[in-house]
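The values are calculated or read from the model by the stated rules, or taken from the named source; none is laboratory data. None of these values were measured; they are calculated from a predicted model. All Cβ positions, glycine included, derive from the backbone under ideal geometry; neighbour counts span all protein chains shown.
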Amino acid sequence: MAQTAYAPGLAVRGTDALDLPRHSAVVRITHWITALTFIGLLISGIAILIAHPRLYWGATGAAGAPSLIDLPIRFMIGHSGWGRYLHFLCAWIAVLTGFVYVGSGVTSRHFRHDLLPAKPDLNLRTMGRIVWDEVRWKRPLEGEALTYNVLQRLAYLTVVFVLFPLIILTGLAMSPALASVVPALREGFGGQQSARTIHFFLSAGLVLFVCIHVAMVWLAGFTSRVRAMITGRIAAGKEVS
Amino acid sequence: MSDPLSRRKLITGGLAAAAGLGGLGVAASLADRYGLIPPDHGGIYGIGETMTYAIQRLLVSRHTMAKEYTPSDISKVAPVKGEPPENETYRRLASGGFADWRLKVDGLVARPSFFSLAGLKQMPSERHIYHQACEEGWSFIAEWIGVPLWHVLDLVGVLPHAKYVVFFGFDTNFDALDKRLINGKWNSIDMSDAWHPQTLLAYGMNGQDALPPGHGAPLRVRVPRQLGGKSTKYLSWITLTDSVKEIGKGWGAGGVERGFSWYAGI
């Protein structure tokens with residue numbers, strides 16, 4: 001492969017040889033497994049939700065009892081059977097993948113090196129400039145293809161260490177069997193219905209993250225960034241797309 | 001890459017794969033022996049289902065208790081899913097106050113028996129106020145009055161190799177020609193939930209000595225550590241078995257045939 005870069009005439013647009021490593025194999029594989037299971041969890045979650053699209057607070061809630069939010073969706077029973085089967089299958093794959101990702105991220109120092117924000121970047125002016133550039137739909141500089149800016153770092157850390165753990169815990173808190181083992185799990189969220197409501201808002205938060213994530217990938221150059229997450233390498237100094 | 005190295009890699013890889021497969025086989029047979037495999041373990045969804053059931057059975061011992069609430073926690077709204085059975089027998093028994101109703105308990109027991117409602121009410125009675133969630137998402141807290149299932153199981157003498165308690169409601173219809181064809185509500189629980197101190201054969205609710213229509217009169221089971229769907233209503237027959245393979249399609253519940261997972265400890 002690399003030899004073609006030395007062949008005269010073939011090296012003009014030389015892509016592979018000038019590529020730089022971007023994502024490790026563990027990050028790439030766990031990224032795509034998580035992406036697939038997230039789609040499965042979202043679809044099945046909606047299938048379960050539409051059986052009773054109302055949210056409550058506290059231990060109990062039912063039609064006829066005071067609700068917190070009535071989602072503007074029709075009650076549609078009949079999808080929660082396969083919904084629950086698919087939800088749990090995807091949840092198990094996502095959780096096991098998450099363990100591999102976090103374990104490897106700690107031992108390989110991926111979190112410390114690539115995701116922990118540098119102290120000087122943690123100020124409102126830097127973050128505000130990034131948001132302003134993004135709002136104006138301004139492409140990031142080429143140098144930024146090899147690293148994450150402070151907002152990306154904070155977003156990824158929030159997803160990995162706040163949203164995902166909480167959505168798993170609120171999911172487990174809805175289990176009557178597990179609530180009998182660890183009552184604090186359910187009571188800590190304020191009861192089974194509160195856990196269900198928080199689970200809903202966390203999933204909405206994750207959907208919002210995915211939307212912004214995909215928009216930013218689009219802004220930075222969809223083909224090159226998706227290619228980097230598949231092959232692990234990114235073209236240095238030029239846009240492949 | 002040199003040849004001997006790749007051969008060595010091949011051998012170690014092969015050995016690792018063999019050990020892995022062997023390990024999986026041992027794990028599967030151990031899981032089966034210790035009752036960690038649910039009846040609906042088949043297919044792609046069965047993988048997630050088996051993981052959930054096995055891990056929960058390892059974490060949830062026979063003695064972990066569902067939270068007991070106080071009378072002031074009892075929900076004002078206790079919704080009902082489904083209507084009372086439509087059949088003639090049920091209507092006749094209901095009009096007679098269930099005086100002629102008998103609960104049949106048989107299968108892998110030393111003393112197959114019939115119990116009347118009056119007989120069950122003379123047994124040691126318990127009241128539990130606990131939370132019940134429907135798999136659709138709604139939930140309520142209610143008081144349930146009845147006799148612990150373990151007490152009835154002790155009376156009939158459960159044989160040691162019994163693995164499941166199967167519940168049939170009045171709305172269960174057996175096909176005259178094909179015994180694998182069962183219409184209606186039937187369900188099963190494993191012995192861990194069957195012997196559980198809070199599992200109740202309930203004949204009363206919220207201070208009343210009888211179950212309201214829709215909540216399963218004359219008798220329903222209450223399995224507090226699973227979703228409400230496992231608490232079969234309108235009971236007429238309880239049987240103990242070492243396998244649910246021969247009942248219906250063999251998936252442990254009528255609900256599974258309609259697409260719902262068997263284990264509902266979620």
Output the qualifying pairs, or none if there are none: Cβ atoms under 7 angstrom, residues six or more apart or on different chains, first residue in the range B:248-266 and within 12 Å of chain A (Cβ to nearest Cβ), second residue among the hydroxyl-bearing types (S, T, Y). B:A253/B:S188; B:S261/A:Y85; B:Y263/B:T52; B:Y263/B:Y53; B:G265/A:S175; B:I266/A:S175
Pick from B:Y90, B:Y45, B:Y34: which is over 30 Å from B:S139 (Cβ atoms) and hydroxyl-bearing (S, T, Y)? B:Y34
Residues of the range A:183-198 that turn out to be out of contact with any helix residue (DSSP H, G or I) (no Cβ under 7 Å at 6 or more places or on another chain) and of a type outside the set (S, T, N, Q), as a count: 7
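Quick one: which residue in B:R33, B:R62 is surrounded by fewer than 13 Cβ atoms within 10 Å (Cβ to Cβ), charged (D, E, K, R) and either under 30 Å from B:E136 (Cα atoms) or in contact with a Gly (Cβ under 9 Å, 6 or more places away or on another chain) (or both)?
B:R62
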Within the range A:10-23, identify whether any single residue is exposed (fewer than 15 other Cβ atoms within 10 Å of the Cβ) and modelled with pLDDT of 95 or more, and answer yes or no. no
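Considering B:K230, B:K179, which residue is over 30 Å from B:K67 (Cβ atoms) and without any contact (Cβ under 8 Å) to a residue 60 or more places away in the chain? Give the derivation first.
Numbers: B:K230 fails: over 30 Å from B:K67 (Cβ atoms).
The unique qualifying residue is B:K179.
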Is it true that some residue in the range B:181-198 is more than 28 Å from A:A47 (Cα to Cα) and of a type in the set (F, W, Y)? yes
Read through the list (1) within 9 Å of chain A (Cβ to nearest Cβ); (2) loosely packed, with under 13 Cβ neighbours inside 10 Å; (3) touching a Ser or Thr at 6+ places or on another chain (Cβ under 6 Å), then give the number of the only condition that B:I44 fails. (3)
Take the range B:78-112 and flag every residue that is surrounded by fewer than 14 Cβ atoms within 10 Å (Cβ to Cβ), at pLDDT 95 or above and more than 17 Å from B:S236 (Cβ to Cβ). B:A110, B:R111
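Residues are listed down the side, and each one gets a yes or a no for (1) farther than 18 Å from A:L163 by Cβ; (2) without any contact (Cβ under 8 Å) to a residue 24 or more places away in the chain; (3) facing another protein chain (nearest Cβ under 10 Å); (4) in contact with a helix residue (DSSP H, G or I) (Cβ under 8 Å, 6 or more places away or on another chain):
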residue	(1), (2), (3), (4)
A:G45	no, no, no, yes
A:A51	yes, no, yes, yes
A:L68	yes, no, no, yes
A:R74	yes, no, no, no
A:L86	yes, no, yes, yes
A:I93	no, no, yes, yes
A:S108	yes, no, no, yes
Out of the range B:235-247, which residues are part of a loop (DSSP other than H, G, I, E, B) and either surrounded by fewer than 22 Cβ atoms within 10 Å (Cβ to Cβ) or touching a Ser or Thr at 6+ places or on another chain (Cβ under 6 Å) (or both)? B:D242, B:S243, B:V244, B:K245, B:E246
Pairs with Cβ under 9 Å, 6+ apart, first in the range B:47-74 and more than 10 Å from every other protein chain (Cβ to nearest Cβ), second in a helix (DSSP H, G or I): B:A54/B:A31; B:R62/B:M191; B:R62/B:S192; B:R62/B:D193
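For the range B:126-134, indicate whether the set of residues that are surrounded by fewer than 22 Cβ atoms within 10 Å (Cβ to Cβ) and touching a helix residue (DSSP H, G or I) at 6+ places or on another chain (Cβ under 6 Å) is non-empty. Lay out the reasoning, then the answer.
Here is the first cut: in the range B:126-134, the residues surrounded by fewer than 22 Cβ atoms within 10 Å (Cβ to Cβ) are B:126-130, B:134.
Going one step further and asking which of them are touching a helix residue (DSSP H, G or I) at 6+ places or on another chain (Cβ under 6 Å), we end up with B:134.
Yes, the range B:126-134 has at least one match.
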Counting just the residues of the range A:53-66 that are out of contact with any Leu (no Cβ under 8 Å at 6 or more places or on another chain) and more than 7 Å from every other protein chain (Cβ to nearest Cβ), which one comes out farthest from A:R186 (Cα to Cα)? A:P66
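Yes/no matrix, rows are residues, columns are (1) farther than 25 Å from B:A264 by Cα; (2) within 13 Å of another protein chain (Cβ to nearest Cβ); (3) surrounded by fewer than 16 Cβ atoms within 10 Å (Cβ to Cβ):
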| position | (1), (2), (3) |
| --- | --- |
| A:V131 | yes, no, yes |
| A:E144 | yes, no, yes |
| A:T158 | yes, no, yes |
| A:P165 | no, no, yes |
| A:S180 | no, yes, no |
| A:F200 | no, yes, no |
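Name the one entry in B:G146, B:G184, B:G137 that is at pLDDT below 95 and under 21 Å from B:A264 (Cβ atoms).
Answer to the check: B:G184.
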Options B:F140, B:F168: the member that is of a type in the set (F, W, Y), away from chain A (no Cβ under 14 Å) and surrounded by 20 or more Cβ atoms within 10 Å (Cβ to Cβ): B:F168
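The rows are residues; the columns are (1) exposed (fewer than 15 other Cβ atoms within 10 Å of the Cβ); (2) touching a Phe, Trp or Tyr at 6+ places or on another chain (Cβ under 9 Å).
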{"position": "A:I39", "(1), (2)": "yes, no"}
{"position": "A:I50", "(1), (2)": "no, yes"}
{"position": "A:T60", "(1), (2)": "no, yes"}
{"position": "A:L68", "(1), (2)": "yes, yes"}
{"position": "A:L71", "(1), (2)": "yes, yes"}
{"position": "A:M76", "(1), (2)": "yes, no"}
{"position": "A:R84", "(1), (2)": "no, yes"}
{"position": "A:F88", "(1), (2)": "no, yes"}
Residue ID - surrounded by the most Cβ atoms within 10 Å (Cβ to Cβ), chosen from residues in the range B:47-58 that are polar (S, T, N, Q) and closer than 11 Å to A:Y85 by Cα: B:T52
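Residues are listed down the side, and each one gets a yes or a no for (1) closer than 22 Å to B:V60 by Cβ; (2) over 18 Å from the mean Cα position of the chain (by Cα); (3) of a type in the set (A, V, I, L, M); (4) surrounded by fewer than 21 Cβ atoms within 10 Å (Cβ to Cβ):
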residue: B:K163; (1), (2), (3), (4): yes, no, no, yes
residue: B:N173; (1), (2), (3), (4): no, yes, no, yes
residue: B:L177; (1), (2), (3), (4): no, yes, yes, yes
residue: B:R180; (1), (2), (3), (4): no, yes, no, yes
residue: B:I189; (1), (2), (3), (4): yes, no, yes, no
residue: B:D193; (1), (2), (3), (4): yes, no, no, no
residue: B:A202; (1), (2), (3), (4): yes, no, yes, no
residue: B:N206; (1), (2), (3), (4): no, yes, no, yes
residue: B:A210; (1), (2), (3), (4): no, yes, yes, yes
